[in-house]
Amino acid sequence: MKKAIFIDRDGTLLREPADEQIDALEKVEFVPGAISGLRALTGLGYELVMASNQDGLGTPAFPEETFRPAQNLLLRTLEGEGVVFDDILIDPSMPEDDSPNRKPRTGMFGKYLDGSYDLAASWVVGDRETDRQLAANLGARALILGELSWEQIAETIRSSTRSATVARKTAETDIYVRVDLDGRGPSGVDTGLKFFDHMLSQLITHGGIALEVRCKGDLEVDEHHTIEDVGIALGEALRQALGDKRGIERYGFALPMDESRAIVLLDFGGRSELVWDVVFTREYVGDVPTEMFRHFFKSLSDAMRANLYVQARGENNHHLAEAVFKAFARSLRQAVRRDVFRYDLPSSKGLL
């Protein structure tokens, strides 16, 4: 479904002068951070919609020749910075007109209420309580300038696109996974396998992500279905949270742990492959069969569509497994890191 960011104009994009009337070009002054904030919101998959209760720029019912140069200056300035609005909504009615189109009422937002937009995943950005009320009326989320800076508004919206929830239920397992790549939200792991929980928790500590994993599996049969299906669900969640992968680092990491060392090379390039070079000397570590570690990472790499190269050596099998998970976590942390000032796709092909 489509998503939109509805942005108030006067007071949010442009400073309002003392007389609250932008009726001359010399009164056109951008709110600090507005241009860079808007630029940071381009390419995220949202439609940008400007909405105002004022006709053009200035008070309602201004002659067109008065406000049009100012409006054009606003739009041309933004276009020069790569910001183009998909829609501009204007309701020139006065408060006493009791118009159904006047914000925070939703009359002029009719096309966005036809079911083709995911309003719960959309935003209203404004500077007044009426903008917060508009968001509530639309079923969207509100960000209020003054409570947040434009930089914080942009990063809040950008970060919101970096989370995903996957629920996967089969005859063998019932799994819930939630991932936030920027570490926002609660974390906790419960798969019924204590050592597996300990390993997955390394992704939280060393990966810098928020991760919730809950699994009820047929452990009375064996551990296979639980570990495999968690790998699939986690991989799907990571892939969804990455979105179009613009701005990410894309690649991987290595680390030592006590007498063990582990190298994990990771590439979110859209193709899945696992190269596994880890030798365990015990059948189990804790309550997890050591043969299942390879199977977990194979399921994970397939589901998140990434190449994984895993090599590890060590004497203590607990340290060996933990070094692998920690190295993967650090690799993940590095690969999903996003430069908030650049939003390029890390591929010469133009597609990942």
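The values are calculated or read from the model by the stated rules, or taken from the named source; none is laboratory data. Keep in mind that this is a model prediction, so the values were computed, not measured. Cβ atoms come from the backbone with ideal geometry, glycine included; neighbour counts cover every protein chain shown.
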Query raised in the report: Name the residues in the stretch 148-162 that are modelled with pLDDT under 85, out of contact with any strand residue (DSSP E or B) (no Cβ under 7 Å at 6 or more places or on another chain) and part of a loop (DSSP other than H, G, I, E, B), would you?
Result: Thr161
**Report entry** Number of the condition not met by Cys215 [criteria: (1) in contact with a Gly (Cβ under 9 Å, 6 or more places away or on another chain); (2) without any contact (Cβ under 8 Å) to a residue 60 or more places away in the chain; (3) closer than 15 Å to Arg162 by Cβ]
**Finding:** (3)
Report summary line: Those residues of the stretch 258-284 that are out of contact with any strand residue (DSSP E or B) (no Cβ under 9 Å at 6 or more places or on another chain), closer than 24 Å to Met304 by Cβ and at pLDDT 90 or above come to a total of 1
Query raised in the report: Somewhere in the stretch 204-226, is a residue assigned by TED's automatic domain parsing to the domain that holds Asn317, modelled with pLDDT of 95 or more and basic (Lys, Arg)?
Result: yes
**Report entry** Top-ranked residue in the stretch 113-136 [being more than 22 Å from Leu13 (Cα to Cα) and either not aliphatic (A, V, I, L, M) or not assigned by TED's automatic domain parsing to the domain that holds Tyr46 (or both); ranked as modelled with the lowest pLDDT]
**Finding:** Asp118
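Can you find, within the stretch 113-131, the residue that is surrounded by the most Cβ atoms within 10 Å (Cβ to Cβ) among those that are among the charged types (D, E, K, R) and more than 13 Å from Leu148 (Cβ to Cβ)?
Taking the candidates together, the pick is Arg128.
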Requested in this report: Output the number of the condition that Asp302 fails; it satisfies all remaining conditions of (1) surrounded by fewer than 18 Cβ atoms within 10 Å (Cβ to Cβ); (2) in contact with a Ser or Thr (Cβ under 6 Å, 6 or more places away or on another chain); (3) under 16 Å from Ser260 (Cβ atoms).
Outcome: (3)
Query raised in the report: Quick check: anything in the stretch 222-233 part of a helix (DSSP H, G or I), crowded, with 17+ Cβ neighbours inside 10 Å, among the hydrophobic types (A, V, I, L, M, F, W, C) and over 21 Å from the mean Cα position of the chain (by Cα)?
Result: yes
Requested in this report: Count, please, the residues in the stretch 188-209 that happen to be in a strand (DSSP E or B) and surrounded by 19 or more Cβ atoms within 10 Å (Cβ to Cβ).
Outcome: 1
Requested in this report: Residue by residue through the stretch 35-51, note down the ones that are modelled with pLDDT of 85 or more and either farther than 15 Å from Arg158 by Cα or not in a helix (DSSP H, G or I) (or both).
Outcome: Ile35, Thr42, Tyr46, Glu47, Leu48, Val49, Met50, Ala51
**Report entry** Boolean, Thr161 is farther than 20 Å from Ala121 by Cα and of a type in the set (Ser, Thr, Tyr)
**Finding:** no
Query raised in the report: Is there a residue in the stretch 122-132 that is basic (Lys, Arg) and farther than 27 Å from Leu238 by Cβ?
Result: yes
**Report entry** Residue ID - surrounded by the most Cβ atoms within 10 Å (Cβ to Cβ), chosen from residues in the stretch 163-179 that are assigned to a strand (DSSP E or B) and among the polar types (S, T, N, Q)
**Finding:** Thr173
Query raised in the report: Out of all the residues in the stretch 1-34, which are assigned to a helix (DSSP H, G or I) and within 17 Å of Ile153 (Cβ to Cβ)?
Result: Ala34
Query raised in the report: Before we move on, is Leu89 touching a helix residue (DSSP H, G or I) at 6+ places or on another chain (Cβ under 7 Å) and not aromatic (Phe, Trp, Tyr)?
Result: yes
